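Reviewing the structure listed below.
Each value in this text was obtained by applying a stated rule to the coordinates, not by laboratory testing. This structure is a prediction, so every number in the text was calculated from the model and none was measured. Every residue, glycine among them, receives a Cβ derived from its backbone with ideal geometry; neighbour counts consider all protein chains shown.
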């Protein structure tokens, strides 16, 4: 009687025992081994699976944490004032009010200085302009500067040389009375101290300077007043014509009086203003 040997576990054709002790038959698939708890935990944690809701929650938590940090810092900055006594707080407020008042006063003072500087600058500029204008006017009267403006030209032709100095002086006086502002005769400027005299050998001298006919007066003033002043009955024109002279008056919109005199320093007169 023969005895059969048990199946050789190394025989490839021998069936393998099943997981529950039941051998798997030929042609059947063996089930996958069951995972342990640690393996399942590791599979759930990695790789991480992040949903949109989780991202939103994380962002909100970050913003909330940032706000809390800022609030804590702000509270720490003002902790010194929070712990101060009421008297200290009142003193601090008084100091702030005093500082504000001082700053306002300083601002007002600077604004006042600025206005004063502007006004003084304007006044100085206006005074300078007035001084220049006054100097120009006095220069015209003194004959130290040239002048131009409307006026007349009086031309006296004396063929027989019968005109004397007093006749020309009368013409000057009539013109001044009619409002003449600047006069020159044959290139000699007529001013307040101008004098006429008869020259040696005939003729007329103005301020010691001999002039010869024809005598030409250039006069700046209102022509409507100057010409009639010379033509009044018995006046300058008729007097000159009696001496067989010819006098012609011509109005002009622009007369140039450019004869100049040197400015003189008075020897005795001084300004009485302090």
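Descriptive notes on the structure:
- From most to least packed by mean Cβ count within 10 Å, the peptides 252-263, 178-189 give 178-189, 252-263.
- Tail weight of P(r) past 15 Å, computed on alpha-carbon pairs of segment 85-142, percent: 71 percent
- Shape call, segment 147-257: gyration tensor on alpha carbons, a/c limit 1.5: oblate
- Relative contact order (percent, whole number), segment 147-257, Cα cutoff 8 Å, 6+ residue spacing: 49 percent
- Peptides ranked, highest mean first, by Cβ atoms within 10 Å: ranges 124-130, 227-233, 215-221, 168-174: 215-221, 168-174, 227-233, 124-130
- Here r is the Cβ-Cβ distance between residue 166 and residue 128 and R0 is 25 Å; the resulting FRET efficiency, rounded to 0.05, is 0.05.
- Distance in nm between pseudo-label sites at residue 57 and residue 271 (7 Å out along the Cβ direction from Cα): 9.8 nm
- Label-point separation, residue 195 to residue 103 (7 Å along Cα→Cβ), nm: 7.8 nm
- Model label points for residue 113 and residue 66, set 7 angstrom from Cα along the Cα-to-Cβ axis, are 4.8 nm apart.
- Cα centroid separation - segment 111-169 against segment 185-227, whole Å: 20 Å
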